[in-house]
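Step one of this worksheet: look at the structure below.
Quick note: the coordinates plus some simple rules give every number you see, no bench work behind them. All figures in this text were calculated on a predicted structure; none of them were measured in a lab. With ideal geometry, Cβ positions are generated from the backbone for all residues, glycine too; neighbour counts draw on all protein chains shown.
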Amino acid sequence: MRANERGYSMDSGQSIVMQIENIREIVAHCIKDLAKKGTAKAEAERIYRIELAKEIVRQRSLGLPVTIIGDICRGNKDIAGLKFDRDVASDLYDIVKSKIYTSKLELEILITFFKSEYNNKPKE
């Protein structure tokens, strides 16, 4: 079985169809995972914003000048940890989106390759 530079089999239309089906399953799995990552991302953002607001109110009640409250609160160890969690959740969401995009490109390549192989087959 020959393979091109991307590793796609070039001997069998059936093999290409199997590869297309495999990538389709990956995309379906990633879409489900994207929903979970999206929920985690939104939840991390919600928690971060609520706790940041609480800290801002607390610091303001202690008399901290408004001009530096944001920086001071974001420098708080707990708030910084929540921001880290939020950023990680956002990055994980983006990674899954990228995987879906990459897989869709692979599907397009395979489908184009399959069409060209099918169209170039000798007529019997």
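Close amide H partners of residue 76, meaning residues 5 or more places away or on another chain with modelled amide H under 5 Å apart, do not exist here. Since only 100, 22, 53 are under comparison, the one whose Cα sits farthest along the positive direction of the charge dipole of segment 13-116, derived from C-beta charges on Lys, Arg, Asp and Glu, is 53.
Placing pseudo-labels 7 Å out from each Cα toward the beta carbon at residue 97 and residue 17 gives an inter-label distance of 3.6 nm. Applying 0.36 nm per residue to the separation of residue 29 and residue 108 and subtracting their alpha-carbon distance, the gain on full extension is 26.6 nm.
How large is the dipole of segment 15-72 about the Cα centre if only Lys and Arg carry +1 and Asp and Glu carry -1, each at its Cβ, rounded to the nearest 20 debye?
Magnitude of the dipole: close to 220 debye.
Angle of helix 13-61 to the longest C-alpha principal axis of the chain, folded into 0 to 90 degrees and rounded to 10: 10°.
Which pairs, out of 37/77; 32/99; 41/104, put more than 18 Å between their alpha-carbon atoms?
Numbers: 37/77 25 Å; 32/99 12 Å; 41/104 23 Å.
Those over the limit are 37/77; 41/104.
The fraction of all Cα pairs in segment 46-92 landing in successive 10 Å bins from 0 to the largest distance is 29, 49, 18, 3, given as whole percents. Between the helical axis of 77-120 and the longest alpha-carbon principal axis of the chain there is an angle of about 10 degrees.
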